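Structure first, then comments.
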Amino acid sequence: MPPLHSQEMRKIAPEADPLRLATGWTMEDLERPWILVETTGGQSMPCSYHLPDLADRWVVRGVQSAGGAASRYDCTDFCDGIDQGTPGMRFSLASREVISFAVEMHVRGGHFDGMCVLSGSDKGTPGVLLAAARTDIPTIFIHGGVMEPGPRGVTLEQVGSLSARLRRGEIGQTEYDNLALHSCPTTGTCAFLGTANTNAIMAEALGLALPTSALVPATKFDVGRLAEEAGRRVLGLVEEDLRPSQILTKEAFENALIVHAAIAGSTNTIMHLIALAFEVGVDLPLDRFDEVNREVPFLVNCRPVGEHPASYLWYAGGTQGLIRELRDLLHLDALTVTGRTLGENLQEVERSGFFERARGYFANFAVEAGDILRPSDDPLGIGAIAVLRGSLAPDGAVVKVAALPKQFHTFTGEAIVFDSSDEAIEAIFAGTVNPGHAIVIRYEGPAANGMPEQFYVTEAIATQKDLAEGVVLITDGRFSGATRGPAIGHVSPEAMAGGPIALVEDGDPVRVDIPRRRLDLAVEGLEERRAKWTPKEPRFRRGLLAIYTRLALSADQGARMDYEGLAGT
């Protein structure tokens, strides 16, 4: 075992010993490797509510049984669902940075030798992974599991649609209450393949989580057993001095991109992967996502793009099942937290009987494993994400092609422009937006407004048949992992940075060409418009959003905070 950082710090800071003893440690604990067990737990949402108990009951026991001293910390996360459509959503993406800073602070200030991080949320997972990369101490990520679906199989991403139908009088209050209010019946990550579950799969595909750990149903004891195993294994990482920088290689990110394409993963995760790659010095350009999606089969039939809850993917084989189907495309020699390669992990999972055991649960359901996870030679399609460029998005924009009806693969519409999502949604319900419109929502990017999701706008469109079949939404904001339909986001540069989206006027022809990967504003005289354009004043003057919006880069750079720019001031 290499020299322990904790023991070196004890020599410098003698007060550390009595202070640790005052938290319940023993004299023997002081001599052992110090392990941070950090969760994003708290009463913020169901995917976080149970994490402190999971850490205390299982992870700490694993650490102690392997000869480590565990110290428990929490930095609770942010619930996109609770804040969806409200001003609070502006804080969502910034919360990723706050969580990463909190974990970084705990690592540096606590003199830890290794770390287990537990999360299940949209921003919590990338937040703790950013901290793991930045601090580069031996780390294992633990997913808190997926909640069960509600009555009639309803899951949370359907509540926006139910709400729009209630507002239009298409369903009654009783039916709404019976479905919407019971769409989150257990703890765990919301049961669709949105951002949170996509992030968990990415952690396992990157090699930072134990095999089979992503998307375990939260009601299964497998969650606890894997958490305890992670607590034991982190001591092995410390002994081997195996750090995130050795795991998060270019090949690891390539593996993540391939798996992301195969699951039609959340577009938000694109930003998180770009930001994570930056932390370890790996070049991950936005166009690489498009290149991968032109080649990789789309295999997973889970909501919001597909038909089934996300927990069904674990029963069908989970991330390891995806790796098995994609093995000819993946870098199987990539190192993981087990100390083995991705390919060696798969062989071990196959020997363990996991696939037969997990798929046995399908005897309880009216579906088959092959309905959830398609074989690679019989996919649902090729690729799921497209990156568009053109005069409207010189630095790129992102669209989930798997959720896009065919008629929108080429589309020319008349721009109807809004400077906020609130204005757009009111116009939709007022009947101002009509088929043939290209709805442009701007000043919702990272530097303008914290980059809130535009979920309720997309649901208002998706639940009105003539609009769902006749309009395209284009924004420098982002979308929920639950988003479906003709939605193009992450337009870069954003309006606040002077991107062309700031120059669009009502009535301008906007052209979308998915096969050619183009997004264009088909007008002359943009330079004249630019000469007249006046940058907006920063919206926020105090607090977190004042800091984040001033330092945030556009989505094509991961919407990360510009540390280099800060250093240059």
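Being open to solvent by less than 50 Å² (accessible area, probe 1.4 Å), in a loop (DSSP other than H, G, I, E, B) and out of contact with any helix residue (DSSP H, G or I) (no Cβ under 7 Å at 6 or more places or on another chain) is the filter here; which residues of region 213-222 pass it?
Applying the first criterion (open to solvent by less than 50 Å² (accessible area, probe 1.4 Å)) to region 213-222 yields 213-218, 220, 222.
If we keep only those that are in a loop (DSSP other than H, G, I, E, B) too, we end up with 213-216, 218, 220.
Result: Ala218, Lys220.
Looking for something in contact with a helix residue (DSSP H, G or I) (Cβ under 9 Å, 6 or more places away or on another chain) and under 19 Å from Gly41 (Cα atoms) - is there at least one such residue anywhere in region 202-212?
At the first step, the residues of region 202-212 found to be in contact with a helix residue (DSSP H, G or I) (Cβ under 9 Å, 6 or more places away or on another chain) are 202-212.
After this cut, where a residue has to be under 19 Å from Gly41 (Cα atoms) as well, the list is 203, 209.
Checked against the condition, which is being in contact with a helix residue (DSSP H, G or I) (Cβ under 9 Å, 6 or more places away or on another chain) and under 19 Å from Gly41 (Cα atoms), region 202-212 yields at least one hit.
I need the full set of residues from region 336-352 which are open to solvent by 20 Å² or more (accessible area, probe 1.4 Å) and either in contact (Cβ under 8 Å) with a residue 60 or more places away in the chain or among the small types (Gly, Ala, Ser) (or both), in order please.
Residues satisfying the conditions are Thr338, Gly339, Glu348, Ser352.
Considering only residues that are assigned to a helix (DSSP H, G or I) and open to solvent by 20 Å² or more (accessible area, probe 1.4 Å), which ones fall in region 422-438?
So the first thing to find is which residues in region 422-438 are assigned to a helix (DSSP H, G or I), and the list is 422-430.
Hits for region 422-438 are Asp422, Glu423, Ile425, Glu426, Phe429, Ala430.
Considering only residues that are in contact with a helix residue (DSSP H, G or I) (Cβ under 8 Å, 6 or more places away or on another chain) and not in a loop (DSSP other than H, G, I, E, B), which ones fall in region 175-196?
Tyr176, Asn178, Leu179, Ala180, Thr189, Thr195, Ala196
List, please: which pairs have Cβ atoms under 9 Å, are six or more places apart or on different chains, and start with a residue in region 54-71 that is at positive phi and end with one that is of a type in the set (Lys, Arg) and open to solvent by 30 Å² or more (accessible area, probe 1.4 Å)?
From residues that are at positive phi, the pairs are Gly67/Arg32.
Looking at Ala502, Ala522, Ala552, which one is of a type in the set (A, V, I, L, M, F, W, C) and modelled with pLDDT under 95? Full working, then the answer.
On the way: Ala502 fails: modelled with pLDDT under 95; Ala552 fails: modelled with pLDDT under 95.
Testing whether each residue is of a type in the set (A, V, I, L, M, F, W, C) and modelled with pLDDT under 95 leaves just Ala522.
Just to verify a result, which residue in region 244-264, among those that are in contact with a strand residue (DSSP E or B) (Cβ under 8 Å, 6 or more places away or on another chain) and outside any helix (DSSP H, G or I), is most open to solvent (accessible area, probe 1.4 Å)?
Top of the filtered list is Thr249.
Restricting the search to region 358-404, which residues are buried (at least 17 other Cβ atoms within 10 Å of the Cβ), at pLDDT 95 or above and part of a loop (DSSP other than H, G, I, E, B)?
The answer is Arg374, Ser376, Leu392.
Which helices (runs of 4 or more DSSP H) does region 439-552 wholly contain that include 1 or more residues that are closer than 21 Å to Pro405 by Cβ and either open to solvent by less than 30 Å² (accessible area, probe 1.4 Å) or touching a Ser or Thr at 6+ places or on another chain (Cβ under 7 Å) (or both)? Give the derivation first.
Working: elements: 446-449, 455-462, 465-468, 526-532, 543-551.
Those helices (runs of 4 or more DSSP H) span 455-462, 465-468.
Please work out if Ala203 is within 23 Å of Asp136 (Cβ to Cβ), in a helix (DSSP H, G or I), touching a Phe, Trp or Tyr at 6+ places or on another chain (Cβ under 6 Å) and in contact (Cβ under 8 Å) with a residue 24 or more places away in the chain.
Values: within 23 Å of Asp136 (Cβ to Cβ): yes; in a helix (DSSP H, G or I): yes; touching a Phe, Trp or Tyr at 6+ places or on another chain (Cβ under 6 Å): yes; in contact (Cβ under 8 Å) with a residue 24 or more places away in the chain: yes.
Against the criterion (within 23 Å of Asp136 (Cβ to Cβ), in a helix (DSSP H, G or I), touching a Phe, Trp or Tyr at 6+ places or on another chain (Cβ under 6 Å) and in contact (Cβ under 8 Å) with a residue 24 or more places away in the chain), Ala203 qualifies.
Name the residues in region 307-329 that are assigned to a loop (DSSP other than H, G, I, E, B) and open to solvent by less than 20 Å² (accessible area, probe 1.4 Å), would you? So that I can check it myself, show each step before the final result.
Here is the first cut: in region 307-329, the ones assigned to a loop (DSSP other than H, G, I, E, B) are 307, 309-310, 316-317, 327-329.
Listed by number, the residues that qualify are Pro309, Ala310, Ala316, Gly317.
The values are calculated or read from the model by the stated rules, or taken from the named source; none is laboratory data. None of the values given here were measured: they were computed from a predicted structure. When we count neighbours, we look across all protein chains shown, and the Cβ atoms used for this are built from the backbone with ideal geometry, even at glycine. With ligands, DNA and RNA removed, areas are computed over all heavy atoms of the protein, side chains included. Shrake-Rupley method; radii C 1.70, N 1.55, O 1.52, S 1.80 Å.
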